[in-house]
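I have placed the structure first, in the form of structure tokens, so that the comments after it can refer back to it.
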Amino acid sequence: MTLTSDVPVRNSAGGTELQLTVAETIALTPTVRHVRLVDPAGRTLPSFTPGSHIVVTCGTGPGGRPRRNSYSLTGPAFEPDHYAISVRLEESGRGGSQWVHDLQVGDRVPVGTPRSAFAPILTARHHLLVAGGIGITPILSHVRAAVQWGRSFEVHYAFRDGDGAHLDELHDLCGPRLYIYTAREVFRKRMGQALLEQPIGTHLYMCGPTGLVDDLCERAGRAGWPDARVHYEHFRVGDLDPGEPFTAHLTRRVIDVTVDSGVSLLDALESRGVAVPNLCRQGVCGECRLPVMSGGIDHRDLYLSAAEKEAGDCVMPCVSRANGPRLELDL
Amino acid sequence: MGTTSVPRWDEERRIAGGGRYVTVLSFGDAALDRARSLVSSFGGRRVDWIRLPEEWGDTAAQILERQASAARVGWRLMLVGPEATVLAARSAAVAAGLLDDEILPLPVDSGTRTVYCAHCHSTHVADVAVGQSSTCPTCASGLVVHHHVSRLHAAYLGFAVDAEERP
């Protein structure tokens with residue numbers, strides 16, 4: 001998965017920076033490059049929970065600000081001697097994936113310590129793992145842990161023909177527990193069946209494009225899956241509508257901040273010198289949540305629950321906006 | 001009692017919507033009316049109703065285990081009976097892989113409680129209120145029934161009445 005962030009992560013829980021070195025790069029498919037990062041002194045790296053990601057500083061973007069993307073770790077999790085990421089080239093992206101694709105052995109790469117937002121449920125009786133495209137990366141790390149600990153699991157992996165990253169490794173790890181799909185309709189049909197026949201105690205994990213995740217969530221709900229059994233990680237949030245301009249009033253500082261169309265509330269606050277802890281800047285991680293005193297909110301994030309959005313007392317300023325002329329923030 | 005672990009059943013009468021099929025377990029005769037009206041409330045969904053003895057025991061445990069091992073995700077379990085039995089059944093269901101969201105506990109009025117002895121680790125069923133005392137039939141300790149309920153043991157904590165005064 002890929003999330004992006006422009007601002008240093010030092011405020012955040014997992015924000016300690018590591019300086020790693022590229023040990024190896026492998027072209028897995030025409031569009032996916034695998035990069036293995038090691039400590040220059042050969043030290044063991046911090047262990048992580050399966051499904052964790054690291055924030056990689058991918059050079060600098062427009063305006064000279066560091067460009068930060070999150071990539072799921074695909075390698076072994078316990079006292080690893082390397083961190084491995086697999087990155088799909090996004091031609092229309094902001095250049096972070098191109099930067100990773102251009103890395104050479106020996107290059108230095110600053111990364112944050114691993115952050116866990118997609119962990120396996122240890123009480124699960126069975127793990128139903130579903131990946132679409134490059135969404136296989138956190139799923140691969142789940143598979144590794146499931147094999148290591150003898151957990152019951154199966155993997156459903158849908159990808160464009162010829163573009164299935166990590167297929168050989170998955171075959172070795174999963175054997176007959178791996179189901180692969182290159183035709184969308186076959187995948188949809190088989191998943192519809194799979195959702196009906198899982199033993200009680202199964203948890204569903206999925207990572208893939210928003211369309212795939214939303215579709216499966218909806219169908220799992222119709223098949224009677226409680227939300228607590230369904231876990232997902234989105235990637236590639238589509239470009240959002242620039243939105244109408246509005247004024248954010250900060251009640252503690254007693255200042256008004258103008259938010260123009262096409263500028264996020266988070267960007268507007270930062271350019272007025274108001275620091276807001278943040279990480280993904282795409283409405284996914286939940287880091288930048290701000291309390292709202294009054295004013296209607298156009299929630300566009302993937303983080304808050306429906307009930308939290310309904311309550312209208314907090315906002316994710318990286319993507320969400322006012323749906324009126326004015327929003328009052330408890331800042 | 002507001003901050004104790006004693007079940008506030010009105011707040012726990014919640015279950016995830018949209019289950020595909022339902023099993024109702026009723027425990028004892030006093031639960032029959034409630035179970036019957038519950039069963040008739042699921043228009044269109046497949047409902048099984050199994051009548052079991054009032055007290056939790058090996059038979060009930062085996063039946064629940066069989067039901068759970070055959071169940072698919074989408075199943076909901078409803079438990080109607082005395083609180084002591086409902087707690088025990090819920091604990092067994094969670095051990096079998098169910099989530100709280102998939103279980104609806106519906107206790108019917110009953111004065112009996114399962115009491116866990118903190119001294120010999122055995123449990124017994126007694127007609128006793130929270131704050132009153134009951135004698136442990138295994139180790140003969142006089143126990144005060146504390147307002148703490150273990151969901152795992154499905155029991156109220158009991159400890160020696162004079163535990164705080166002993167030298």
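Each reported figure results from applying straightforward, stated rules to the coordinates on display, with no laboratory input. A quick note: this is a predicted structure, and the numbers were derived from the prediction, not measured. So basically every Cβ, Gly included, is an ideal-geometry build from the backbone, and we count neighbours across all protein chains shown.
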- Computed [θ] at 222 nm, helices only, for chain A once each DSSP H run of length n ≥ 4 contributes -39500 (n - 2.57): -5500 deg cm²/dmol
- Which distance in nm do the two modelled labels at residue A:228 and residue B:152 give, with both placed 7 Å along the Cα-to-Cβ direction? 1.7
- Any residue on another chain or 5+ positions along whose placed amide H is under 5 Å from the amide H of residue A:329 is listed here as A:249, A:250, A:251, A:293
- Message: Run the helix sum for chain B: -39,500 (n - 2.57) per DSSP H stretch of 4+ residues, divided by residue count, reported at 222 nm to the nearest 500 deg cm²/dmol.
- Response: -6500 deg cm²/dmol
- Average Cα contact separation per residue, chain A, under 8 Å, 6 or more apart, as relative contact order %: 16
- Here segment B:57-70 yields Karplus 3J(HN,Hα) values (6.51, -1.76, 1.60; θ = phi - 60°; whole Hz; Gly and Pro given as x) of x, 4, 4, 4, 4, 5, 5, 4, 5, 5, 4, 5, 6, 8
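Quote the FRET efficiency, to the nearest 0.05, computed for residue B:164 versus residue A:119 with a Förster distance R0 of 25 Å and r equal to the Cβ-Cβ distance.
For R0 = 25 Å, the calculated efficiency reads 0.05.
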- Classify segment B:9-109 as rounded, prolate or oblate from the Cα gyration tensor: take a ≥ b ≥ c as the square roots of its eigenvalues, call it rounded if a/c is under 1.5, otherwise prolate when a/b beats b/c and oblate if not. rounded
- Item | residue B:65/residue A:149 FRET efficiency (R0 25 Å; Cβ-Cβ; nearest 0.05) | 0.55
- Ranked list, fewest to most other Cβ atoms within 10 Å of each Cβ, for A:58, A:207, B:139: B:139, A:58, A:207
- Item | Cα-based helix-to-principal-axis angle, B:83-95 vs chain B, degrees rounded to 10 | 70
- Query: What percent does the relative contact order of chain B come to when contacts are Cα pairs within less than 8 Å and at least six residues apart?
  - Reply: 21
- Task: Let me know the shape class of chain A, please: from the alpha-carbon gyration tensor, a ≥ b ≥ c as square roots of the eigenvalues, rounded when a/c is under 1.5, otherwise prolate if a/b is greater than b/c, or oblate.
- Result: oblate
- Message: Apply the Karplus curve 6.51 cos²θ - 1.76 cosθ + 1.60, θ = phi - 60°, to the phi angles in segment A:113-127 and return the couplings in whole Hz, x for Gly and Pro.
- Response: 6, x, 10, 9, 9, 8, 8, x, 8, 6, 8, 5, 7, 8, 10
- Least to most buried among A:149, B:56 (fewest other Cβ within 10 Å first): A:149, B:56
- Message: I need the shape label for segment B:112-165. Rule: rounded when a/c is under 1.5, else prolate if a/b > b/c, else oblate, with a, b, c from the alpha carbon gyration tensor.
- Response: rounded
- A correct fewest-to-most ranking of A:206, A:316 by other Cβ atoms within 10 Å would be A:206, A:316
- Residue by residue through segment A:314-326, which ³J(HN,Hα) values in whole Hz follow from phi under the Karplus form 6.51 cos²θ - 1.76 cosθ + 1.60 (θ = phi - 60°), with glycine and proline marked x? 8, 9, 9, x, 5, 10, 8, 9, 6, 9, x, x, 8
- Restricting to Cα pairs under 8 Å and 6 or more apart, the percent relative contact order of segment B:112-165 works out to 34
- Note on the structure: FRET efficiency for residue A:24 and residue A:92 from the Cβ-Cβ distance with R0 = 41 Å, rounded to 0.05, comes out at 0.90
- Task: Give the long-range amide H neighbours of residue A:232: residues separated by 5 or more places, or on another chain, with amide H under 5 Å away, using H modelled in the peptide plane at 1.01 Å from N.
- Result: A:206
- Note on the structure: Partner shielding of B:66-78, as the mean number of partner chain Cβ atoms within 10 Å, equals 5
- Message: Can you give me the long-range amide H partners of residue A:20? Hydrogens built in the peptide plane at 1.01 Å from N, cutoff under 5 Å, separation of 5 or more residues or another chain.
- Response: A:109, A:111
- Item | Point-charge dipole on Cβ atoms (K/R +1, D/E -1) for the protein assembly as shown, about Cα centre, debye to 20 | 640
